[in-house]
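One structure is given below, encoded as structure tokens.
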Amino acid sequence: MQLSFEVDPSAPISLQNQLVGQISTSITTGRLKVGTRLPGTRALSEQLGVSRNTVLLAYAGLAAEGFVETREGAGTFVSPASPEPPKFTTPATTTAPHAATPAPIPTPPPIVCDFELEGIDPDLLPSVAWRRLMIRRMQSARLNLTRAGDPQGAPELRAALCRFLGATRGMSVEPGQVVVVSGIQQAMTAVGQMLVRPGSGPDHPRADR
């Protein structure tokens, strides 16, 4: 396992303390989970370009504080007794003198309208009626799932859609004018194949004519 840590030799903090701080922060924030195996001291020292003794001392300090534990012959692991990640609560009001009070973490508002592509509101589906009709259809001797259907969609469905559009939208539509698709992507593909011509993209000089 390779950790994305970096140490700065020119910093006023020792390399050992820099490493202790980065690993302990990763544990308390939940980035490193309980039971995660840390890299070997030789591998981490080569990765960071520091002496192995620096890593050994850093691991020893983390173990002394309860962040990690060393298992003989297995390696160093994040300890189950390590501090838990902080909960998202309102920061305390007491701060150091002249220190800026951190803003509370806002609670995301509940979703009122879900505009996710192809998202369906489960409350709008009459599941009881849908299940009853599906069972009736599946039990019909006329149903044959291995038979290729009409490429425009089931004639019964297209006829029902025409009746619905006439009653609710005042549209005069014939079943032969209706094409049933599986979703918005197939619909956009069909429309594009019928209406979009080669060279009629938005960057074409004659696209607006």
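Inside region 23-39, can you point out the residues that are in contact with a helix residue (DSSP H, G or I) (Cβ under 9 Å, 6 or more places away or on another chain) and free of Cβ contacts under 8 Å to residues at least 40 places away in the same chain? Of everything in region 23-39, those that are in contact with a helix residue (DSSP H, G or I) (Cβ under 9 Å, 6 or more places away or on another chain) and free of Cβ contacts under 8 Å to residues at least 40 places away in the same chain turn out to be R31, P39.
Looking at this structure, is V34 part of a loop (DSSP other than H, G, I, E, B) and over 13 Å from F5 (Cα atoms)? It is true that V34 is part of a loop (DSSP other than H, G, I, E, B) and over 13 Å from F5 (Cα atoms).
Looking only at residues of region 1-40 that are surrounded by fewer than 18 Cβ atoms within 10 Å (Cβ to Cβ) and small (G, A, S), we find that the one that is nearest to A81 (Cα to Cα) is G35.
Every read-out reported here was derived from the displayed coordinates using simple, explicitly stated rules and does not represent laboratory data. As the structure is a computational prediction, the values presented were derived from the model and not from experiment. Note that we place each Cβ from the backbone using ideal geometry, even for glycine, and neighbour counts take in every protein chain shown.
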